[in-house]
Amino acid sequence: TGALDDTTGWRALETHLHALAAFVDGNGGEYVSMEGSGVGDEELLEVLRSCCVDHVNRHVRAAGIAVLDRMISSVSSSGGEDSGQQLLIDPSSKLRVVVTAVLRETLADNWSQVR
């Protein structure tokens with residue numbers, strides 16, 4: 001029974017975040033209108049905020065930012081009358097609140113890939 005190092009779980013989290021980013025990216029603008037998409041899910045957005053801002057591992061922070069980046073791209077490319085773009089415009093939108101908080105904190109990060 002060998003002990004796991006303290007980063008094994010972080011690698012799994014990083015991998016899951018990259019998989020989520022690829023899923024969002026693969027669905028493009030359609031992701032916004034998918035049932036259960038994370039752009040309006042407060043719990044997922046709070047987890048992403050925590051991964052991007054609070055996590056000690058820089059690779060997890062970068063992977064969390066990659067998910068937010070894909071979400072923003074998805075929202076930006078969604079069209080139609082009920083455009084998801086409102087999620088970035090509305091100051092009370094949870095997505096906008098999280099993106100703003102993450103930008104505020106990560107621009108001060110000393111690891112350039114996160115900045």
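Heavy-atom accessible surface of the chain, averaged per residue, reaches 60 Å², computed with a 1.4 Å probe. For the options 21, 66, 12, a Gaussian network treatment of the chain with springs between C-alpha atoms closer than 10 Å singles out 12 as fluctuating the most.
Rounded to two decimals, the Cα radius of gyration of region 37-100 over 2.2 N^0.38 Å is 1.12. Rolling a 1.4 angstrom probe over the chain with all protein chains present gives an accessible area of which 51% lies on carbon and sulfur atoms. Note on residue 109 and residue 56: the model spin-label points, each 7 Å out from Cα along the C-beta direction, lie 1.7 nm apart. One compactness figure for the chain is 1.11, namely its Cα radius of gyration divided by 2.2 N^0.38 Å. Stretched out straight at 0.36 nm per residue, the stretch from residue 42 to residue 77 would grow longer than its current Cα-Cα span by 10.5 nm.
Helix content alone sets the calculated 222 nm mean residue ellipticity of the chain: runs of n ≥ 4 DSSP H residues at -39500 (n - 2.57) each, divided across all residues, give -20000 deg cm²/dmol.
Solvent-accessible surface of protein heavy atoms, probed at 1.4 angstrom with all chains present, puts 11, 49 in the order 11, 49, largest first.
In the complete set of protein chains, residue-level accessible area for residue 8 is approximately 50 Å², probe 1.4 angstrom.
The values are calculated or read from the model by the stated rules, or taken from the named source; none is laboratory data. The shown structure was predicted, so the numbers you read here are calculated from the model rather than taken from an experiment. Heads up, the Cβs are rebuilt from the backbone with ideal geometry, glycines too, and the neighbour counts pull from every protein chain shown. To get the accessible areas, we keep the full protein, side chains included, count just its heavy atoms, and leave off ligands, DNA and RNA. Shrake-Rupley method; radii C 1.70, N 1.55, O 1.52, S 1.80 Å.
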